[in-house]
Amino acid sequence: MEPIATTTAVTFDGHTATISGVRFSHMDHCTRCRNAITAHTDGGTIRAGIRAVTSTHRGRRSQALRWFWVNEPSGRPVAPPVCPNCGVERPNVVNRFTAYGPTPDPEAYDVLRTVWVTIRRDFPDVAAVADQNERGAR
Ligand SMILES: [Zn+2]
């Protein structure tokens, strides 16, 4: 096991937050054995909170406050030196780790939870509007 990245930090800018230092898992498949290979990148970012999103419906543009969450890994991982499944050296992967995920480290989900709670506490009116728009989108 690789050590868990513990440099996660969160900064708020109004009702948006930036979580930095996030480790992401990226999954792909070995071209030789077809089994899954997982690799990591460190130092990624998650942006989350509430922002105004512009949409066009039947030619009419409108803006609405929406909850959002964007994963921004620091880059693409490199495959491990040896496939953990079939043992081939320098394994090739099918999609260069682009097809699945990326998935944030579980630690980042804990930080995200505090982001949602903090925004709801500090911006209850904005959160109420975003909740309303969430329901209206269904
Ligand atoms: Zn393999």
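We did not get these values from a lab; they are worked out from the coordinates using the rules stated. Just so it is clear, the structure is predicted and the values come from calculations on it, not from any experiment. We place every Cβ from the backbone using ideal geometry, glycine too, and count neighbours over all the protein chains shown.
Given a Förster radius of 35 Å and the C-beta distance between T31 and T11 as r, what FRET efficiency does 1/(1 + (r/R0)^6) yield to the nearest 0.05?
Efficiency, from the Cβ-Cβ distance: 0.30.
Among E72, E107, E89, which one moves the most in a GNM of the chain with springs linking Cα atoms closer than 10 Å?
E89
With the radius of gyration and the Kirkwood radius both derived from the Cα set of the chain, what is their ratio Rg to Rh?
Here Rg/Rh amounts to 1.10.
For the chain, with the dipole built from +1 on Lys and Arg beta-carbon atoms and -1 on Asp and Glu ones, taken about the Cα centre, which of A128, P84, V10 lies farthest toward the positive end?
Of the options given, the answer is A128.
Round to a whole angstrom and tell me the spacing of the C-alpha centers of the range 107-138 and the range 1-74.
About 16 Å separates the Cα centre of the range 107-138 from the one of the range 1-74.
Explain nothing, just the number: dipole magnitude of the chain about its Cα centre with +1 on each Lys and Arg Cβ and -1 on each Asp and Glu Cβ, in debye rounded to the nearest 20.
Dipole about the Cα centre, nearest 20: 740 debye.
Where does helix 124-136 land angle-wise versus the long Cα axis of the chain, in degrees 0 to 90, nearest 10?
70
Pairing the Cα long axis of helix 106-122 with the longest principal axis of the chain, what angle in degrees results, from 0 to 90 and rounded to the nearest 10?
10
Between V82 and H57, how many nm apart are label points set 7 Å from Cα along the C-beta direction?
Roughly 5.7 nm, to one decimal.
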